[in-house]
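Notes follow the structure.
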Amino acid sequence: MAQQERAIRTRRIILETAAAIFDERGYKATTIAEVLERADVTKGALYFHFPSKGDLARGVLEGAVTTDGVRPQEVKLQEIVDILLLMAARLPREPMLSAALRMAIDLPSRREFGTAWPDWIELLTATLQEARARGELLPHVVEADTARMLVSTWTGVQVVTEGLPARRDLSEEIVCLLRHLLPAVARPEVLAGLEVSPARAARLYEEMTARREPRADGESGESREGGESQDSR
């Protein structure tokens, strides 16, 4: 078990290091030698987990599709709001997420590795289908189409915001986006009960990081809670 835990930890260190460098320099400019030096692992350890730089890129894309920190909600549209708000809070702070987005909007990388967008659309579509089953959606809503629009507009807001000279916090921008989109999706009585605010984004992020904090015995707070929030992939 100890050996398995070390292997998992080593894989995570390698992947997080590669993501940080991809985010700083781009995939093409990143070298394996740079990843080895910064991660402080042997070449054998890296190639055991990731036989090529392309496998590192695919690992980053896979790791970027996550609902870590999002708790199940009785109202499924609130759960979707929480996914999108928490991602807005996490992306500027977590290279894994920002590197995946950088590769997605870079045409050569996108052609070589694809993107995480189809996985995000699938995840949101499934949650919207649950919302439909609970009577939360307006009659005209097509779940898959709405999921595509949520992923497309969320990404567009992030890219445009990053390029503005006086940009606001990404969480504020995503709140603005949701306040425009949700009236076209949610039944009025459901819409009235949704919490869509930068404060909720901050609170979700604080709760997530608190659960991640290591305990004295080396386990995380999340493991103490029985893994209530888990990665979706």
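Observations
- Calculated mean residue ellipticity, 222 nm, the chain: -21000 deg cm²/dmol, from DSSP H runs (n ≥ 4) at -39500 (n - 2.57) each, averaged per residue and rounded to 500.
- For the chain, with all protein chains in place and a probe radius of 1.4 Å, 52% of the accessible heavy-atom surface sits on carbon or sulfur.
- Comparing THR155, THR31, THR17 in a Gaussian network model of the chain (Cα springs below 10 Å), the most mobile by mean-square fluctuation is THR31.
- Difference of contour (0.36 nm per residue) and Cα-Cα distance, ARG167 to GLU24: 49.5 nm
- Largest first, the residues ILE80, ILE121, ILE105 sort by 1.4 Å accessible area into ILE105, ILE121, ILE80.
- Sequence-distant lysines (8 or more away, or on other chains) whose Cα lies within less than 29 Å of LYS43: LYS28, LYS53
- The chain, dipole about Cα centre (Lys/Arg Cβ +1, Asp/Glu Cβ -1), debye to the nearest 20: 480
- Normalising the Debye intensity of the stretch 15-54 to I(0), with uniform scatterers on Cα atoms only, and taking log10 at q = 0.16, 0.31 Å⁻¹ returns -0.32, -1.18.
- Cα long-axis angle, helix 117-133 against the chain (0 to 90 degrees, to the nearest 10): 30
- Modelled spin-label separation between GLN129 and VAL159, with each label point placed 7 Å from Cα along the Cα-to-Cβ direction: 2.8 nm.
The values are calculated or read from the model by the stated rules, or taken from the named source; none is laboratory data. Not measured: the values here are computed from a predicted model. Positions of Cβ are backbone-derived with ideal geometry, glycine not excepted, and every protein chain shown enters the neighbour counts. Surface areas here come from the heavy atoms of the whole protein model, side chains and all, with no ligands, DNA or RNA. Shrake-Rupley method; radii C 1.70, N 1.55, O 1.52, S 1.80 Å.
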